[in-house]
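Structure, as structure tokens:
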Amino acid sequence: MAKDQLIIFDTTLRDGEQSPGASMTRDEKVRIAKVLERLRVDVIEAGFAVASPGDFEAVKAVASAIKDSTVCSLSRALDRDIEIAAEAIAPAPRRRIHTFIATSPIHMKHKLKLEPEQVIEQAVYAVKKARQYTDDVEFSAEDAGRSDIDFLARVFEAVIDAGATTCNFPDTVGYNLPFQIEDTIRTLLTKIPNSDKAIFSVHCHNDLGLAVANSLAAVRAGCRQIECTINGLGERAGNTSLEEVVMAVKTRADIVDVETHIDTQHIVPASRLVSSVTGFPVQPNKAIVGANAFAHESGIHQDGVLKHRETYEIMRAEDVGWNTNKMVLGKHSGRAAFKSRLDELGIILADDHALNDAFARFKDLADRKHEIFDEDLQALMNAQKMEAESARYDLADLSVTSKMGVAPTAHLKLRVDGSEIDASAQGDGPVDAVYKAIESVAKSGSDLQLYSVNAITTGTDSQGEVTVRLEKSGRIVNGLGADTDIVVASAKAYLHALNLIEKPLEKQHPQKSEGI
């Protein structure tokens, strides 16, 4: 007997972007969306089109680039939101409008200031409005996890009658436990007379570390769509992790009565791309995509795996995209092998000029590093992309003098708007000295909120990837830099962050206070 399909609704580009500092540019959204399409995600929520002109353009660009997955835009239950969402997703062959309104007593009273009957009326109106633009309309009851179940049943029944094809149950504040979610969904499906006319969905937050467990519990109760993000990215503690849900369904096919369309071999490349774009490193012990997810140090475990893999592994590393290609890239590798590996990683270059530039950078790195890993290539391409963008600040030269007992001194040559400027400063350490030298020129007034160093690969010749988070007047950006010299990487990251924070603000996020 064929299993039901579990629809994978990815909201990395919308809800995932709400993480402080994780804001993505239009081009970055398109790049991630293409990887999600290759992953065979069913629905890509590209953004909140009404949030700003920048968000509108990003959603529209994704809708223009994606052909196989459904492209979705979030909208509040308001005329303008729905109209702008419809316009943004119009280029997509498959498109969805996702409208929402809060249904919990606390939200209706204190945020919406509406009576329950008014909420139902507005929800129905929004769904009917959205149906004027597409037959694929999703309705979400914001804060459903703290809503009265009888009222929730009334809302869902009304919006299904109005034309909603998907009804979503968001546990907006991550408050529920798995048995609660399962009981609630079962009860709703029983109470709602027309529940068979729509797909029921769940959108869980990870405040108690239960987002994946809650989502799977909802599937057991009858939900056939899960809303999730790559790496569990999202505000606060994050969202349901796509890779964990998908592999739980695949690995436990013996007891889970659904299946997905996901091509799991693209999970790790998708994880790496989202991590590099947002500057949020994946913790080593993260399930599925963490560096240690398939590592075995215990002698007993190593012996068992060598004798029979399934003694200590329930999945194959290659099934989720960990590299099993034995071709080693290095200083003697040719252009064909280099391009082939980029293609396997889902990295698409615009033209031959971009390929030549990337290959030259690869050769330069290979002269400094014996073996080039996939992570190195991702960092290399990120650096090329960042430098291709118009930037006010660029690093021309850097030297640091550091000796025990003596304050380190940094000497820099910066290119600022095309002109070279020398700068020097002392600091508590070499990186501090570099940042003080940069600020002596930039005078940005930014606050350094995060400085993080992550070794891209193993070995003493590994590239270091530095993330710098700057805040200025409430705006938060992440800067990235990579180099085999960690001080140079630190300088690149800080300058990248400065370039971002001085750009005109593309978007705002009303969904930070009014989202699901």
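Conditions (1) touching a Leu at 6+ places or on another chain (Cβ under 6 Å); (2) more than 17 Å from LEU233 (Cβ to Cβ); (3) buried (at least 24 other Cβ atoms within 10 Å of the Cβ), marked per residue:
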{"residue": "ALA2", "(1), (2), (3)": "no, yes, no"}
{"residue": "ILE7", "(1), (2), (3)": "no, yes, no"}
{"residue": "GLY16", "(1), (2), (3)": "yes, no, yes"}
{"residue": "ALA22", "(1), (2), (3)": "no, no, no"}
{"residue": "ASP27", "(1), (2), (3)": "no, yes, no"}
{"residue": "ALA33", "(1), (2), (3)": "no, no, yes"}
{"residue": "ARG40", "(1), (2), (3)": "no, yes, no"}
{"residue": "GLU45", "(1), (2), (3)": "no, no, yes"}
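Take the stretch 416-443 and flag every residue that is farther than 30 Å from ILE372 by Cβ, touching a strand residue (DSSP E or B) at 6+ places or on another chain (Cβ under 7 Å) and not β-branched (Val, Ile, Thr).
Here is the first cut: in the stretch 416-443, the ones farther than 30 Å from ILE372 by Cβ are 416-428, 432-433, 436-437, 439-443.
Now restrict to residues that are touching a strand residue (DSSP E or B) at 6+ places or on another chain (Cβ under 7 Å): 416, 420-427, 433, 436-437, 440-442.
GLU420, ASP422, ALA423, SER424, ALA425, GLN426, GLY427, ALA433, LYS436, ALA437, SER440, ALA442, listed by residue number.
What are the residue pairs meeting all of these: first residue in the stretch 339-358, first residue on the phi < 0 side of the Ramachandran plot, second residue charged (D, E, K, R), Cβ atoms under 7 Å, and 6 or more apart or on different chains?
Matching pairs, first to second residue: LEU345/ASP374; LEU355/LYS339.
Hey, which of the helices (runs of 4 or more DSSP H) in the stretch 268-382, taking only ones fully inside, have at least 1 residues that are in contact with a strand residue (DSSP E or B) (Cβ under 7 Å, 6 or more places away or on another chain), at pLDDT 75 or above and aliphatic (A, V, I, L, M)? It would help to see each step written out before you state the result.
Details: elements: 299-307, 335-344, 352-368.
Once the helices (runs of 4 or more DSSP H) in the stretch 268-382 are filtered for at least 1 residues that are in contact with a strand residue (DSSP E or B) (Cβ under 7 Å, 6 or more places away or on another chain), at pLDDT 75 or above and aliphatic (A, V, I, L, M), what remains is 335-344, 352-368.
Can you pull out the residues in the stretch 428-461 that are in a strand (DSSP E or B), in contact with a Ser or Thr (Cβ under 8 Å, 6 or more places away or on another chain) and not hydrophobic (A, V, I, L, M, F, W, C)?
Matches in the stretch 428-461: TYR451, SER452, ASN454.
Name the single residue, out of those in the stretch 65-84 being closer than 15 Å to VAL43 by Cα and either over 20 Å from the mean Cα position of the chain (by Cα) or not hydroxyl-bearing (Ser, Thr, Tyr) (or both), that is surrounded by the most Cβ atoms within 10 Å (Cβ to Cβ).
Step one: list which residues in the stretch 65-84 are closer than 15 Å to VAL43 by Cα, which gives 65-74.
If we keep only those that are either over 20 Å from the mean Cα position of the chain (by Cα) or not hydroxyl-bearing (Ser, Thr, Tyr) (or both) too, we end up with 65-68, 71-72, 74.
Details: ALA65: 17, ILE66: 24, LYS67: 10, ASP68: 12, VAL71: 29, CYS72: 31, LEU74: 28.
Per the criteria, the residue is CYS72.
Can you tell me how many residues within the stretch 104-120 are without any contact (Cβ under 8 Å) to a residue 24 or more places away in the chain and within 30 Å of ALA63 (Cβ to Cβ)? First the steps, then the outcome.
If we filter the stretch 104-120 for residues that are without any contact (Cβ under 8 Å) to a residue 24 or more places away in the chain, which is where we start, we get 108-110, 112-115, 117-118.
This time we only want the ones that are within 30 Å of ALA63 (Cβ to Cβ), so: 112.
Going through the stretch 104-120 one residue at a time, the tally reaches 1.
Could you count how many residues in the stretch 119-145 are surrounded by fewer than 19 Cβ atoms within 10 Å (Cβ to Cβ), within 28 Å of ILE44 (Cβ to Cβ) and not hydroxyl-bearing (Ser, Thr, Tyr)? Step through it out loud before you land on a result.
Step one: filter the stretch 119-145 for residues surrounded by fewer than 19 Cβ atoms within 10 Å (Cβ to Cβ), giving 121-122, 125, 128, 131-133, 135.
From the residues that got through so far, the ones that are within 28 Å of ILE44 (Cβ to Cβ) too are 122, 125, 128, 131-133, 135.
Subsequent filtering for residues that are not hydroxyl-bearing (Ser, Thr, Tyr) retains 122, 128, 131-132, 135.
Adding up the residues that qualify gives 5.
Check whether at least one residue in the stretch 120-138 is under 23 Å from THR240 (Cα atoms) and more than 28 Å from the chain's Cα centre (by Cα), and report yes or no.
The answer is no; no qualifying residue exists.
Before we move on, is SER215 in a strand (DSSP E or B) and among the hydroxyl-bearing types (Ser, Thr, Tyr)? Break it down into steps so the answer makes sense when it comes.
Details: in a strand (DSSP E or B): no; among the hydroxyl-bearing types (Ser, Thr, Tyr): yes.
For SER215, the condition - in a strand (DSSP E or B) and among the hydroxyl-bearing types (Ser, Thr, Tyr) - is not met.
Going by what's in this entry, would PHE169 be described as assigned to a helix (DSSP H, G or I), surrounded by 24 or more Cβ atoms within 10 Å (Cβ to Cβ) and among the aromatic types (Phe, Trp, Tyr)? Please lay out each step first, then the result.
Values: assigned to a helix (DSSP H, G or I): no; surrounded by 24 or more Cβ atoms within 10 Å (Cβ to Cβ): yes; among the aromatic types (Phe, Trp, Tyr): yes.
No, not satisfied.
Taking the stretch 417-438 only, how many residues are out of contact with any Gly (no Cβ under 9 Å at 6 or more places or on another chain) and over 25 Å from ALA379 (Cβ atoms)? Explain how you work it out, then say what you get.
Of all residues in the stretch 417-438, those out of contact with any Gly (no Cβ under 9 Å at 6 or more places or on another chain) come to 417-432, 438.
Still in the running and over 25 Å from ALA379 (Cβ atoms): 417-428.
So the answer is 12.
Name the single residue, out of those in the stretch 462-490 being assigned to a loop (DSSP other than H, G, I, E, B) and either of a type in the set (A, V, I, L, M, F, W, C) or farther than 19 Å from VAL431 by Cα (or both), that is nearest to the chain's Cα centre (by Cα). Talk me through it step by step, then tell me what you get.
Our first condition is that a residue be assigned to a loop (DSSP other than H, G, I, E, B); within the stretch 462-490, this holds for 462-463, 473-474, 484-485.
If we keep only those that are either of a type in the set (A, V, I, L, M, F, W, C) or farther than 19 Å from VAL431 by Cα (or both) too, we end up with 473-474.
Working: SER473: 25, GLY474: 22 Å.
Per the criteria, the residue is GLY474.
The values are calculated or read from the model by the stated rules, or taken from the named source; none is laboratory data. Bear in mind that the values here come from a model prediction, so they are computed numbers and not experimental data. Cβ: placed from backbone, ideal geometry, glycine included. Neighbour counts: every protein chain shown.
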